[in-house]
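Here is the structure we will look at.
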Protein chains: 2
Amino acid sequence: MRRILPHSKQLLTEMISEGDIVVDATMGNGNDTFFLAQAVGSSGKVYAFDIQQQALDATKERLGKLYSRTELILDSHARIKQYVPDGISAAVFNLGFLPNQNDHAVITKPDTTVQALKAALQLLKPGGVITVAVYDGHPGGPEERDAVLEFVQQLNAKLFQVVRYEVVNQQNHPPFLLIIEKTNRRAR
Amino acid sequence: MRRILPHSKQLLTEMISEGDIVVDATMGNGNDTFFLAQAVGSSGKVYAFDIQQQALDATKERLGKLYSRTELILDSHARIKQYVPDGISAAVFNLGFLPNQNDHAVITKPDTTVQALKAALQLLKPGGVITVAVYDGHPGGPEERDAVLEFVQQLNAKLFQVVRYEVVNQQNHPPFLLIIEKTNRRAR
């Protein structure tokens, strides 16, 4: 069965080659950072962002020997261009809740999410891909979903293809996946 | 770039093995029938449906030597169970306009489309897949789209996974793709 997240991983595995530079825009517990660090090999680099120190600590622990392939950055993903060089081949966004030791919910927000997407698109090399898992079942989720959809729908179809991939016969607001692929063509 | 129809073909190529029985529910000009006839090999069989004799004529012409792998049926796809044995591994629906020599538009219709989908799901073997390309830019299109979506959204998630795959930054009502996969699990 093709679930959303396995589909995302399969796609990324196809798109990422050894030596690539990639971004985990929402580090959280480090699962995606770990996956990406495997994909880029020993000559590649993963830049991973989170605004919580505990995410960096958990991810460093999770990475083990793969830590040397990563830069774990304690800052908003909206400021990605301050840290990441041009020419990335992939970026991964997993929106919604960030893992938190306290019970206070920390969520990604429409403004910074869209800013981060814009910046990541500018860094993306032709043929590169951004995946965005969108959850809208939590308070604030629908607003972020709509802001992200509005942003991606107006992307120039000559420069980007945006695909929405969604399981439609599940209850309880399952996430859907946006796949943004940068074409190899230049704008006229 | 991953367009809708190439994605559909790639998926079907992965799912169909030599010797399989498959269905082209909307024969039209025979492009999908031809593709499916290649996929099932010399020991497989493609059952293809259309309500217009001209579709059968065009498809027979298109198939050439592959014609022997097919049964071209001049009847509504709603009556699929009258012709097709149980245990199909795939069925392809390409909704909307049927090619027509005259300028009178012939389109697939909500009632018979949903009937045909229901019947195809009953014939589908575990692990099998149905793809549905849904066009909604023509008169009658939105009604058919909504009927199909309503039908697939209520399918038991234990028995089927339904994925919607859609390019979201294109104008002019591009089609979207529904992928219905029958699980290997039995209902409780």
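The values are calculated or read from the model by the stated rules, or taken from the named source; none is laboratory data. In this text the structure is predicted, and so the values were computed from the model without any measurement. We place every Cβ from the backbone using ideal geometry, glycine too, and count neighbours over all the protein chains shown. Only protein heavy atoms, including side chains, enter the accessible area calculation; ligands, DNA and RNA are left aside. Shrake-Rupley method; radii C 1.70, N 1.55, O 1.52, S 1.80 Å.
What to note about this one:
- Local electrostatic count, B:L63, Cβ distance below 14 Å [Lys/Arg +1, Asp/Glu -1]: -1
- By the rule of a C-alpha distance below 30 Å, with chain neighbours fewer than 8 residues away ignored, the lysines paired with B:K45 are B:K9, B:K60, B:K65, B:K81, B:K109, B:K118, B:K125, B:K158, B:K182.
- In the range B:106-170, trypsin sites (Lys or Arg not before Pro) in a DSSP loop with at most 12 other beta-carbon atoms within 10 Å: B:K158
- Amide H contacts under 5 Å for A:A91, placed H, 5+ residues apart: A:V23, A:V129, A:I130, A:T131
- When A and B come together, around 2400 square angstrom of accessible surface is lost from both chains combined, probe 1.4 Å.
- Shielding score for A:166-174, defined as the mean number of other chain Cβ atoms within 10 Å: 5
- Counting only protein heavy atoms and using a 1.4 Å probe, the accessible area of B:S17 comes to about 60 Å².
- Rotational relation B to A, axis-closest Cβ in chain B, residue and distance rounded to whole Å: B:Y165, 3
- Whole-Å distance, taken between Cα centres, linking the range B:40-97 and the range A:131-145: 42 Å
- Accessible-area composition of the range B:1-135, carbon plus sulfur, in percent [1.4 Å probe]: 48 percent
- Karplus 3J(HN,Hα) series, Hz, for the range B:177-182 with 6.51 cos²θ - 1.76 cosθ + 1.60 (x for Gly, Pro): 10, 9, 10, 10, 10, 7
- Projected onto its three principal axes, the C-alpha set of chain B covers 41, 40, 36 Å, listed from the longest axis down.
- Among B:P139, B:P126, B:P175, residue whose mean-square fluctuation peaks in a GNM of chain B (springs only between Cα atoms under 10 Å): B:P139
- Here the contact order of chain A, divided by its residue count and restricted to Cα pairs under 8 Å and six or more residues apart, works out to 20 percent.
- Ascending distances from the A:P142 label point to its copies in the other chains, with the point 7 Å along the Cα-to-beta-carbon line: 2.1 nm.
- Cβ-defined net charge surrounding B:D24, 15 Å radius [Lys, Arg +1; Asp, Glu -1]: +1
- Accessible surface calculations at 1.4 Å, restricted to protein heavy atoms, place the protein assembly as shown at 47 Å² per residue.
- Size descriptor, Kirkwood hydrodynamic radius, that averages inverse alpha-carbon separations across the protein assembly as shown, Å: 22.4 Å
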